[in-house]
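**Student:** My structure is below; once you've seen it, I'll send some questions.
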Amino acid sequence: MLAGIGARLRDALGRASADREMDEELRFHIEMETEKNVRSGMTPEEARRHALVSFGGMERHRGRLREGRQVPFVEPLWHDVRFGVRAVRRTPGLSAVAALTVALGVGATTTVFSAVNATLLRPLPLPEPERLGSIQERRSGAVSNGVEGMLIAYPRLLEYRDAGADVFASVAGHRLEDGFSLRLPDVTISVNGALTSGNYFETLGIRPELGRAYTSDDAREIVISHTLWASRFGADPSAVGRTVVLDGRSVTLVGVAPRGFAGASFVADQLWAPVGLRGLDASSWSLRMVPLVRLAPGVRRGQAAAAVDALARRIVPEEQETTVHSARLAHLEVVPDDGRGVAMGFFGMLLGTAVLVLLIAAANIAAIMVARGVARHRETAVRMAMGASRARVARHLLAESLLIFGAGGAGGVGLAYLGCAWLTGLELPPQVPPLLLGFTPDGRVLSFAVAATALVGLGFGLLPALGASRPDLVPALKDGATRSGSRGARVRDVFVGAQVALAVTLLLTAALFSRSLQAGLSADLGFDPTGVVAASINLGAPHEYDRETGRAFQHALLTRVRALPGVEAAALSGYVLLGGSRSGGHVRAEDAPNEQGINASTTAVTPEYFRTLRIEILEGRGFTDADDESAPAVAVINRTVADRLWPGQSPLGRRITGAAGNVEVVGVTGPGKYVFVTEEPSGFVFLPQLQRYRSRMFLHVRAPGAEAATIRDVRAAVRALDPDVAVSAPMLVSGVVGAGLFPHRFATQLVGTFGMVGLLLAAMGLYGVLAYQVARRTRELGVRRALGATAARVVRSVLGRGIIVAVLGCGLGMVAGGALAIAIRSFFYGIRPLDPVTFGAVPILLFAVALAASWIPARRAASVEPSVALRSE
Amino acid sequence: MADPTANDVLRGTLDLLILKTLSLEPMHGWGISQRIQERSRGILDVNQGSLYPALQRLEHRGWIVSDWGTTENNRRAKYYRLTAEGRRGFVNETESWQRYAGAVGWILEATS
């Protein structure tokens with residue numbers, strides 16, 4: 001039996017040598033038979049002829065023997081693969097184009113999908129994420145929305161823990177704190193981190209890589225991230241146990257978190273400190289935290305969720321005027337609940353455009369495969385006429401498709417890795433803390449890539465090829481070329497038209513994003529951000545500054561900064577314009593209490609602020625050093641507030657009340673952009689900082705050409721005044737403005753790339769279909785030329801076909817693009833969804849490309865020599 | 001040229017005849033066909049179209065193996081010989097053939 005298996009394998013695998021042996025054996029047989037015939041008296045020729053005749057059809061025997069060699073199933077499969085390789089190698093260019101097309105489509109969708117995966121699908125990288133959760137309460141009343149609404153007071157959290165002891169193994173809390181100031185021997189840095197309950201690490205199941213975790217709320221100990229340890233402590237193991245100064249207090253660095261752990265939210269924490277370190281007391285209702293729970297062993301999630309909801313109603317809230325209606329057990333996710341809707345919309349839109357690229361690629365593939373199928377129509381018909389089963393022919397096409405799509409899919413995954421590297425390298429807005437996003441493709445992303453490839457491969461590769469190979473034996477054998485050609489050509493025209501339509505849709509979307517980015521960039525901001533740097537300086541707790549000493553510090557700092565080289569002006573403001581944050585409220589005219597007021601943002605600024613940011617004072621004056629607490633309360637309002645409260649009248653000398661207090665208007669600035677570049681005109685009220693002390697201010701310095709040096713000098717100035725005060729989040733104000741347009745820029749780049757890829761694919765498709773037509777019609781064109789058609793006429797006939805396809809596709813794409821633009825109009829700024837520039841320019845671009853793609857085949861058609869053409873078939 | 005009166009070897013019995021031939025000595029394909037023809041006194045003619053597939057079949061079953069050797073005339077030829085398994089198979093097949101042939105004989109005698 002073993003010998004038999006060996007013989008089979010030898011036969012099946014060593015095909016060439018087996019063939020040789022078989023031929024030799026049969027030849028030997030014929031020779032022996034011939035000799036025998038000679039011995040019986042025939043002439044050598046006669047003898048050989050008789051030998052051959054008695055042997056029967058040599059080829060038939062060889063065929064039977066070859067088949068006999070086959071190992072069932074494995075052999076046909078092997079055969080199919082070899083057939084596929086041969087077919088691919090016969091048309092290397094077309095196969096490469098097909099694989100590349102698949103790679104582009106799959107790469108685009110997979111890249112966007114990995115972004116979706118990183119932000120919306122993947123759980124935070126924590127051990128046993130399915131046992132972890134957060135409690136989210138639905139409340140109404142005083143503390144019910146915004147960030148604070150998502151937090152729960154610590155005492156209430158402890159009540160959850162005590163009352164839910166049967167479902168929770170532990171209940172912890174954390175809250176993000178930007179700007180811990182960490183004093184190191186040579187520098188004081190500002191670090192993002194979290195204030196946590198003492199059982200934070202135990203609850204998350206995180207064991208420090210070095211040292212240990214703190215375990216009590218009041219420990220004077222901290223744990224730092226692996227990243228911070230590497231960057232600031234030189235990855236020195238002896239850092240553990242060292243005493244450092246955090247927010248002016250001595251604490252012991254007891255542990256270094258494992259590499260890759262960066263907290264339990266989307267912001268990458270660099271440091272963790274127990275709540276007691278900020279003087280926060282567990283019994284304080286003002287200490288509000290994000291809950292973190294670990295389920296008790298054996299408790300199912302549904303059970304725990306029901307318990308959470310029941311507990312939420314039972315525990316009486318102590319916050320004023322707040323009612324808790326229900327609560328749910330949320331998964332710990334990268335993007336928290338309140339951001340998911342926006343993120344889903346944005347990524348859904350991007351994924352949609354990536355799918356358009358995939359569809360264009362698919363249409364291209366379909367056109368190529370139909371062309372191959374048609375070109376092979378006659379071959380297929382011959383094979384089937386000779387008895388190859390339909391299944392066998394289908395298997396060959398499958399093998400060929402598998403090869404092309406396998407290569408394309410693998411290329412697509414490669415492109416996706418490049419795309420993800422690009423995503424990871426994207427510069428995020430400076431005021432966004434480092435995010436905890438891993439874009440690297442994981443199993444889910446790879447499955448997605450495989451599924452996308454398979455879908456395109458089966459739907460647009462194999463089926464059309466099968467359809468095109470459908471046996472019409474008789475006509476195919478008679479004149480396969482002409483008849484089936486027209487059917488295939490029509491199908492290809494449809495696919496190319498579809499590609500053009502999809503490419504136009506993509507291009508329109510990309511152009512709209514680009515136009516809206518331009519509109520954003522050229523929007524009148526009402527101030528000049530170029531050359532201005534800003535940084536946050538926080539004198540609040542735990543620093544021991546009061547209003548007087550704080551003012552003195554701020555004044556001294558401004559004096560020092562103004563003396564720095566290259567500095568033109570310096571001022572303080574409550575926040576950075578266009579940084580995405582705001583505070584304020586409703587204001588109204590004191591002299592018209594019944595009139596409707598206006599919502600306005602407010603901020604306190606020092607007198608030089610208007611000069612520093614070049615905000616124009618249209619009427620009245622800005623602030624002076626005289627506008628201090630002993631002087632009357634004053635304000636500078638913007639045009640939008642003035643026009644609303646006192647239309648057509650001068651607001652100077654009048655008073656406003658509301659969110660800004662009761663103040664006299666002394667100046668009016670022009671309208672501007674304050675929170676988002678893309679906002680509608682909105683109200684703004686500036687208040688003098690000397691009348692409104694705030695411990696946390698943003699220093700603004702106009703130092704054109706010396707921005708980097710200024711940031712360094714500012715750090716030194718602050719350190720000289722107080723080494724425990726950190727300068728955090730230094731930024732270029734122009735960068736903040738640009739960052740505000742980050743989604744627009746991101747979408748413009750991504751969709752723009754997709755649009756170009758789509759256009760290229762469509763151009764390739766158009767070129768392919770026309771070139772193919774010209775090649776097929778060589779003879780017809782030759783006859784025409786011979787009968788007197790001019791070259792121009794031939795060119796027209798080829799170009800005409802391309803133009804018709806382009807016009808129809810373009811028209812369809814304009815309609816689809818218009819509908820899409822209206823559907824996603826909320827993503828655009830400053831343009832109408834049916835922006836005439838866009839809808840005028842895209843078709844022109846498309847026709848230019850279509851013309852170029854058609855021109856080459858048309859020229860080739862015109863250069864057909866009648867005599868050559870007539871001989872070509 | 002084949003003798004017009006010669007009968008084609010019955011399907012299924014060819015394997016047995018090949019095994020019998022090879023049980024005497026290793027032989028190449030042409031030789032096997034000659035032996036069968038001689039020993040059947042010219043009555044049985046082995047169709048080459050069935051001989052080589054039968055050899056291949058037997059080889060795949062592990063009953064025979066092949067080696068390249070030289071003939072008396074110093075020619076290269078593929079020689080087949082029985083394996084131990086093939087020898088056992090040959091004995092079994094012979095018995096079952098004899099039973100079968102006997103049974104067919106009885107039936108033919110009974111009805112004649």
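**Student:** Is there a simple number for the mean count of other chain Cβ atoms within 10 Å of the Cβ of residues in B:48-60, and what is it? Please report the intermediate quantities before stating the final value.
**Tutor:** On the way: counts 10, 8, 3, 3, 9, 5, 1, 3, 10, 2, 2, 8, 10.
Average neighbour count from other chains, rounded to a whole number: 6.
**Student:** Quick one: Kirkwood hydrodynamic radius for region A:798-873, alpha-carbon pairs, angstrom, one decimal?
**Tutor:** 15.0
**Student:** Could you work out the helix-only [θ] at 222 nm for the protein assembly as shown, with each DSSP H run of four or more residues adding -39,500 (n - 2.57) and the total divided by the number of residues, to the nearest 500 deg cm²/dmol?
**Tutor:** Only helices count here, giving -17500 deg cm²/dmol.
**Student:** Whole Å is fine, so just give me how far the alpha carbon centre of region A:620-661 lies from that of region A:766-781.
**Tutor:** 76
**Student:** Using a 10 angstrom cutoff on alpha carbons, build the Gaussian network for chain B and name the most mobile of B:ASN73, B:ASN92, B:ASN47.
**Tutor:** B:ASN73
**Student:** I'd like the interface area for chains B and A: accessible area of each alone minus the complex, both sides summed, 1.4 Å probe, protein heavy atoms only. What is it in Å² to the nearest 100? Please report the intermediate quantities before stating the final value.
**Tutor:** Numbers: alone 7770 and 39420 Å², together 44600 Å².
Heavy-atom accessible area buried at this interface is about 2600 Å².
**Student:** Give a residue-ordered list of calculated ³J(HN,Hα) values for region B:98-108 (Karplus: 6.51 cos²θ - 1.76 cosθ + 1.60, θ = phi - 60°; whole Hz; x for Gly, Pro).
**Tutor:** Ordered by residue, 3J(HN,Hα) equals 5, 4, 5, 4, x, 4, 4, x, 4, 4, 5 Hz.
**Student:** By how many degrees, 0 to 90 and rounded to 10, does the Cα axis of helix A:836-862 deviate from the longest principal axis of chain A?
**Tutor:** 20
**Student:** Just the number, please: carbon plus sulfur as a percent of the accessible area of the protein assembly as shown, 1.4 Å probe, no ligands or DNA/RNA counted. Spell out each step's value before the answer.
**Tutor:** On the way: 26240 of 44600 Å².
Exposed carbon and sulfur together represent 59 percent of the surface.
**Student:** Within the set of other residues whose C-beta is less than 12 Å from the C-beta of A:VAL254, count the net charge using Lys and Arg as +1 and Asp and Glu as -1.
**Tutor:** On the way: positive: A:ARG212, A:ARG220, A:ARG242; negative: A:GLU221.
For residues surrounding A:VAL254, the net value is +2.
**Student:** Could you check what % of the DSSP bridge pairs in the protein assembly as shown are antiparallel, to the nearest 5?
**Tutor:** Taking every DSSP beta bridge with both residues in the protein assembly as shown, the antiparallel ones total about 80 percent.
**Student:** Continuing with this model, one more query. If you count, for every residue in B:33-39, the Cβ atoms of partner chains within 10 Å of its Cβ, what is the mean?
**Tutor:** Mean shielding by partner chains, rounded to a whole number: 1.
**Student:** Per-residue mean of other chain beta-carbon atoms within 10 angstrom of the beta-carbon, peptide A:722-733?
**Tutor:** Across the residues of A:722-733, the mean count of other-chain Cβ atoms within 10 Å is 0.
**Student:** Counting alpha carbon pairs within less than 8 Å and at least 6 residues apart, what relative contact order, in whole percent, applies to chain A?
**Tutor:** 15
**Student:** Also: What fraction of the Cα pairs in region B:5-100, stated in percent, has a spacing above 23 angstrom?
**Tutor:** Every Cα pair in region B:5-100 considered, those over 23 Å come to 21 percent.
**Student:** Give me a comma-separated list of calculated 3J(HN,Hα) values for region A:225-236, in order, Karplus coefficients 6.51, -1.76, 1.60 applied at θ = phi - 60°, integers in Hz, x for any Gly or Pro.
**Tutor:** 6, 4, 4, 5, 4, 6, 7, 10, 10, x, 6, 8
**Student:** Right, another one. Step through the residues of region A:497-509 one at a time and calculate ³J(HN,Hα) from phi using the Karplus curve (6.51 cos²θ - 1.76 cosθ + 1.60, θ = phi - 60°), rounding each to whole Hz and writing x for Gly and Pro.
**Tutor:** Once θ is set to phi - 60°, the couplings for region A:497-509 become x, 4, 4, 4, 4, 5, 5, 4, 4, 4, 4, 4, 4 Hz.
**Student:** Nearest 10 degrees, 0 to 90: what angle lies between the long axis of helix A:443-456 and the longest principal axis of chain A (Cα atoms)?
**Tutor:** 40
**Student:** Moving on. DSSP beta bridges in region A:207-275, what fraction antiparallel, as a percent rounded to 5?
**Tutor:** Values: 8 of 12 bridges.
For region A:207-275, the DSSP antiparallel bridge percentage is about 65.
**Student:** Right, here's the next one. So which GluC sites (Glu not before Pro) in region B:31-112 pass both tests, a DSSP loop state and at most 10 other Cβ atoms within 10 Å of the Cβ?
**Tutor:** The qualifying sites are B:GLU72.
**Student:** Residues of chain A: accessible area per residue at 1.4 Å, in Å²?
**Tutor:** On the way: 38120 Å² over 873 residues.
Result: 44 Å² of accessible area for each residue.
**Student:** Tell me the angle of helix A:44-55 to the major Cα principal axis of chain A, expressed in degrees between 0 and 90 and rounded to the nearest ten.
**Tutor:** Result, in degrees: 50.
**Student:** Contact order normalised by length for region A:655-782, with contacts defined as Cα pairs under 8 Å and 6 or more residues apart; what percent is it?
**Tutor:** Once normalised by length, the contact order is 13 percent.
**Student:** So, one more: Beyond 27 Å, what share of the Cα-Cα pairs of region A:719-873 remains, rounded to the nearest whole percent?
**Tutor:** Value for region A:719-873: 50 percent of Cα pairs lie more than 27 Å apart.
**Student:** When the Cα atoms of the protein assembly as shown are enclosed in a convex hull and the volume is divided per residue, what value in Å³ results? Display every interim value, and only then the final one.
**Tutor:** Values: hull volume 301.3 nm³, N = 985.
Enclosed volume per residue, from the Cα hull, is 306 Å³.
The values are calculated or read from the model by the stated rules, or taken from the named source; none is laboratory data. Quantities reported herein were computed from a predicted structural model and do not represent experimental measurements. Every residue, glycine as well, gets a Cβ built from its backbone with ideal geometry; the counts of neighbours run over all protein chains shown. What goes into the accessible areas is simple: the full protein's heavy atoms, side chains included, and nothing from ligands, DNA or RNA. Shrake-Rupley method; radii C 1.70, N 1.55, O 1.52, S 1.80 Å.
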